[in-house]
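Chemist: Mind looking over this structure? Questions follow.
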Amino acid sequence: MAAPGAAAPARLVQYVVVRSDLVHTLSWPLGAVITQACHAATAAVHLHYTDPDTQRYLQELDSMHKVVLGAPDEAALSGLSQTLTQAGLLHKVWIEQPENIPTCLALKPYPKDTVQPLLKKFKLFK
């Protein structure tokens, strides 16, 4: 139990950003796009498995929190990846093979307040 007056640990969130044009412009089946998001989220957790936030996120198995956002196109996804890299935020861009198409990215779990300001221009994926 936390000491009286101690702040509760920050809520951890794993953000996944998916290209919405895959569904709305390129007519990919929704299931295929969901699969891309699953691949990216799993890869980000795998790559950063020993990170303390990732470990805490995995310990909260029944209360994991993910947010799936939409990027309008490949350029927006690439720009976001560059912004995250410049900010030192760890993430994985999923590139569908053999087509070599960047489809989405997933961040490792972070406290929401750490990453949300960089993602505020992206809306929930629809």
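The values are calculated or read from the model by the stated rules, or taken from the named source; none is laboratory data. Predicted model, so just to flag it, every value in this text is computed and none were measured. Reconstructed Cβ throughout: ideal geometry from the backbone, glycine too, with neighbour counts over all protein chains shown. All accessible areas refer to the heavy atoms of the entire protein, side chains included, with ligands and DNA or RNA removed. Shrake-Rupley method; radii C 1.70, N 1.55, O 1.52, S 1.80 Å.
Chemist: Contour minus end-to-end for Asp51 and Ala32, with contour as 0.36 nm per residue of separation and end-to-end as the Cα-Cα distance? All intermediate terms of the calculation are to be shown ahead of the outcome.
Modeler: On the way: separation 19, 0.36 × 19 = 6.84 nm, distance 2.92 nm.
That works out to 3.9 nm of additional length.
Chemist: Let's see if you can work this out: charge +1 on each Lys and Arg Cβ, -1 on each Asp and Glu Cβ, no other charges. What is the dipole magnitude of the chain about its Cα centre, in debye to the nearest 20? Please list the in-between numbers first.
Modeler: Details: 11 positive and 10 negative charges, 71 e Å.
Using only the charged Cβ atoms, the result is roughly 340 debye.
Chemist: Would you tell me the accessible area of Ile34, worked out with a 1.4 angstrom probe on the heavy atoms of the protein chains, in Å² to the nearest 10?
Modeler: 90 Å²
Chemist: Could you tally the net charge around Ser63, taking each other residue with its Cβ under 14 Å from the Cβ of Ser63, Lys/Arg +1 and Asp/Glu -1? Please list the in-between numbers first.
Modeler: Working: positive: Arg11, Arg56, Lys66, Lys112; negative: Glu60, Asp62.
The answer is +2.
Chemist: Under the rule of -39500 (n - 2.57) per DSSP H run of 4 or more residues, summed and divided by the residues of the chain, what mean residue ellipticity at 222 nm is obtained, to the nearest 500 deg cm²/dmol?
Modeler: Result for the chain: -12000 deg cm²/dmol, rounded to the nearest 500.
Chemist: Suppose a student asked you for the relative contact order of segment 32-121, using Cα pairs under 8 Å spaced at least 6 residues apart; what percent would you report? Before the final figure, lay out the partial values.
Modeler: Numbers: 78 pairs, mean separation 34.1, N = 90.
Relative contact order, segment 32-121: 38 percent.
Chemist: Continuing with this model, one more query. Determine the gain in length on full extension of the stretch Gln59-Asp113; use 0.36 nm per residue of separation and subtract their C-alpha separation, reporting nm with one decimal.
Modeler: Details: separation 54, 0.36 × 54 = 19.44 nm, distance 2.02 nm.
Result: 17.4 nm gained on full extension.
Chemist: Can you give me the span-like helices of the chain, meaning DSSP H runs with 24 Å or more of Cα extent along the axis and Kyte-Doolittle mean at or above 0.0? Could the numbers behind the result be given before it?
Modeler: Numbers: long enough: 30-47 (26 Å, 1.23).
Long hydrophobic helices here: 30-47.
Chemist: Restricting to the chain, what percent of DSSP beta bridges are antiparallel, rounded to 5? List each step's numbers first, then the result.
Modeler: On the way: 13 of 19 bridges.
Here the share of antiparallel DSSP bridges comes out near 70 percent.
Chemist: When the convex hull of the C-alpha atoms of the chain is computed, what volume per residue in Å³ does it have?
Modeler: Numbers: hull volume 15.2 nm³, N = 126.
Normalising the Cα hull of the chain by residue number yields 121 Å³.
Chemist: If you don't mind, there's one more thing I want to ask. Take Ser20, Ser27 and sort them by solvent-accessible surface of the protein heavy atoms, 1.4 Å probe, largest at the top.
Modeler: Sorted by accessible area, descending: Ser27, Ser20.
Chemist: Where is the GNM fluctuation largest for the chain (alpha-carbon springs, 10 angstrom cutoff): Pro29, Pro111, Pro98?
Modeler: Judging by the Gaussian network model, the answer is Pro98.
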